[in-house]
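Worksheet: one structure, shown below.
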Amino acid sequence: MQLTRDEQEMLDGSQGEAKQIAMKGLVQLGDAFDAKEMVPIGYAHIYAGLPMYVHDLELIEDLVALGAKVAVPSTINIANADIENWRATKAPENLVRLQASTQAAHSKMGSCCTYTCTPYWAGHWPSWNMHMTSLESTVTIFANSVVGARCNRDGFFAVYAAIAGRYPKFGYHLDETRRGTHLVAVDVDLHCTSDYSCLGFYVGLMVGNGVPVFTGFRRRPTLDELDALGAALATSGGVAMFIVPEVTPPFATAEQAFGGVLPGEAVVVGPAEVNSIYERFSTGSTADFDLVHLGCPHASFQEMKEYGEMLEGRRVKDGVELWVTTSRAVRQMAADAGIVRALEKAGAKVISDTCPIMCHFARTASPDPALGIVPPPIRSVMVDSAKQAKYVRDMIQCDTLLTGTREAVQAALTGSFHPRRL
Ligand code: F3S
């Protein structure tokens, strides 16, 4: 790989040990993918260091001890506990303490401790054509597909990229990868983020790690709907980018997205295909669920406002637990607007820094009774997101009921399941 003088100095160690470790890792990554050069990045969304993986915490703390600082604006992904409001989720105190120590390490490194999978709703937007890195697939696909930034699905390497301010040029950093591979003809009216989530999950199963190009939407999807679509595509498939002509820069038409010529056949998605995903994730008892969850991906201010309107002046049924998850920043904005008060008055719990999967997986995957970390007593979760449904089922081995947001709110109010079908 061709390195600039500055990059070579980092690799040689003359800019400090932390940058040397970071650059060594990035060169290895680049060599593995045949990258010819590095590109400067403008933004990094990095791994929080999950308390459930103590070794990861040590890696981050070791880098900090070597003087690591982020070279570009950096935000932190979601973690295992809501540090401020941990009692609401019954998180073990020891887990919270471990997470608080990562917060101190990230702050020393100069990162913004957003602890969210939707840093863009918290004000951290990349720009068109900006090279960036993200370990969160929801951020990667949103950046590539909605903003037109250039980003791969990364792991711990995102931390190295943040420290070096560089990333090897391969994958979605190259023009040739940013082309449609599958044409998707949408032949159904979609009304809410949950419908887009089911569409995304279905198409992700069809296209694997391709780049689907969507046609046929009856109206321009909202930002929240695009977010839900991308999160689900990245969950059932390895999708890092989708294209909606006139939404995804710079593509004005489907032809342009394919480099000039449309493929002969399209994947057609109608009501039956969308409904198949609602049905796939509705296996729990309709009369017996432990938790209703809204806010996957972490809710935007607009979504918080909508939840507030649906719950204003009403009351969650006794015995039903309703979680709304969002970032700290959006939570603060919603608090300032009186929305958090309205949600809590209705009996909802507003949770930040985590989500049911991240919160409960820590306890399911790494129980440590000596530390008070034991599996949560949860058997069935009702959700409005196919991504949350898939991971709840796979990672905390719960039954799920997948429905629309409005229907999930109804269920929380009445205690009975309201299915959604198109
Ligand atoms: Fe975010 Fe948890 Fe969903 S990390 S995208 S709220 S599964």
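Data table
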| item | result |
| --- | --- |
| Selection from region 277-309 of residues that are crowded, with 20+ Cβ neighbours inside 10 Å and of a type in the set (A, V, I, L, M) | Ile277, Leu291, Val292, Leu294, Ala299, Met304 |
| Helices (runs of 4 or more DSSP H) contained in region 102-214 and holding at least 1 residues of a type in the set (S, T, N, Q) | 137-142, 193-207 |
| Test result for Leu223, within 16 Å of the ligand (Cβ to nearest atom), open to solvent by less than 50 Å² (accessible area, probe 1.4 Å), of a type outside the set (Asp, Glu) and under 23 Å from Cys192 (Cα atoms) | no |
| Pro126 vs. criteria under 17 Å from the mean Cα position of the chain (by Cα) and modelled with pLDDT of 95 or more | yes |
| Where Pro245 falls short, out of the listed (1) in a loop (DSSP other than H, G, I, E, B); (2) within 16 Å of Asp189 (Cα to Cα); (3) touching a Phe, Trp or Tyr at 6+ places or on another chain (Cβ under 9 Å) | (2) |
| From the options Ile46, Ile78, Ile60, residue that is within 30 Å of Arg5 (Cβ to Cβ), within 16 Å of the ligand (Cβ to nearest atom) and not charged (D, E, K, R) | Ile46 |
| Search result, residues across region 57-93 that are among the charged types (D, E, K, R), in a helix (DSSP H, G or I) and in contact (Cβ under 8 Å) with a residue 12 or more places away in the chain | Glu61, Glu93 |
| Among the residues listed as Thr140, Thr102, the single one being polar (S, T, N, Q), touching a Lys or Arg at 6+ places or on another chain (Cβ under 7 Å) and surrounded by 18 or more Cβ atoms within 10 Å (Cβ to Cβ) | Thr140 |
| Filter result for the condition that a residue is at pLDDT 95 or above, surrounded by 20 or more Cβ atoms within 10 Å (Cβ to Cβ) and farther than 24 Å from Asn94 by Cβ, over Gln388, Gln332 | Gln388 |
| Qualifying residue in region 371-385 (condition: open to solvent by 20 Å² or more (accessible area, probe 1.4 Å) and modelled with pLDDT of 95 or more) | no |
| Residue in region 36-44 that is in contact (Cβ under 8 Å) with a residue 24 or more places away in the chain, buried (at least 21 other Cβ atoms within 10 Å of the Cβ), over 13 Å from Ala164 (Cβ atoms) and touching a Lys or Arg at 6+ places or on another chain (Cβ under 9 Å) present | no |
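The values are calculated or read from the model by the stated rules, or taken from the named source; none is laboratory data. Given the structure is predicted, the values throughout are model-derived calculations rather than measurements. Note: ideal-geometry Cβ built from the backbone for every residue, glycine included; neighbour counts use all protein chains shown. Keep in mind that these areas ignore ligands, DNA and RNA; they rest on the heavy atoms of the full protein, side chains included. Shrake-Rupley method; radii C 1.70, N 1.55, O 1.52, S 1.80 Å.
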